[in-house]
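The values are calculated or read from the model by the stated rules, or taken from the named source; none is laboratory data. Given the structure is predicted, the values throughout are model-derived calculations rather than measurements. Virtual Cβ from ideal backbone geometry, glycine too; neighbours counted across all protein chains shown.
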Amino acid sequence: MALLRPVSRWGAPAVGALLVLFGLAGCAVPTPYQPATDGYGYSEQQLESNRYRVTFSGNSVTPRDTVQNYLLHRAAEVTLESGHDYFTVVDQDLERSTIYYGSGVGDFGFGHRHHSRAFGFSNYSAYPIDSYTAFADIVMADGEKPAGEANAYDARDVLRQLGPTIERPDDDDA
């Protein structure tokens, strides 16, 4: 009987919401390497004849390193598609977005009330869920990348190195 008491205090809506949340979390997969759809994936914008802004946005289960690698991979593809050999990252940023999923037990006439409780809940917990978006402005050029240029990347070499780590949407169909 003691096991039923917390569930009855939570009420059916709270328990149902938790089951839906856990069910959705179990189905989530990282954002694959793909053009942006529903806000997730890669995109690029040409700024000048040899300059682009490249972006990759991952969902909440896409690791930060994957987002950054997919950005570099896309920059290498754009460089080769534009007929160039290497690119230099001249500006970059990584944004982290955090949303909080929470649950709690309301204290609306049950037991005793403490005024310090957040949102009227006696047992409230929130869990942060992070997602990342990486941005880079790249300048593309021909020939060999300059020696000692830390932000310059040989586009073919980037594709060779990162290619095996890229998960595309159709990889699950194989």
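Some notes on this structure:
- Residue count for the range 1-55, restricted to those that are modelled with pLDDT of 95 or more, aromatic (F, W, Y) and farther than 19 Å from Q92 by Cα: 1
- Residue within the range 43-53 that is assigned to a strand (DSSP E or B) and buried (at least 19 other Cβ atoms within 10 Å of the Cβ) present: yes
- S82 among the hydroxyl-bearing types (S, T, Y) and at pLDDT below 95: no
- For the range 75-101, a tally of residues being in contact (Cβ under 8 Å) with a residue 40 or more places away in the chain and either in contact with a Pro (Cβ under 7 Å, 6 or more places away or on another chain) or among the charged types (D, E, K, R) (or both) returns 5.
- Odd one out for D65 among (1) under 9 Å from the mean Cα position of the chain (by Cα); (2) without any contact (Cβ under 8 Å) to a residue 60 or more places away in the chain; (3) not in a strand (DSSP E or B): (1)
- Looking only at the range 49-62, and only at residues there that are within 19 Å of Y86 (Cα to Cα) and in contact (Cβ under 8 Å) with a residue 60 or more places away in the chain, the one that is farthest from the chain's Cα centre (by Cα): N50
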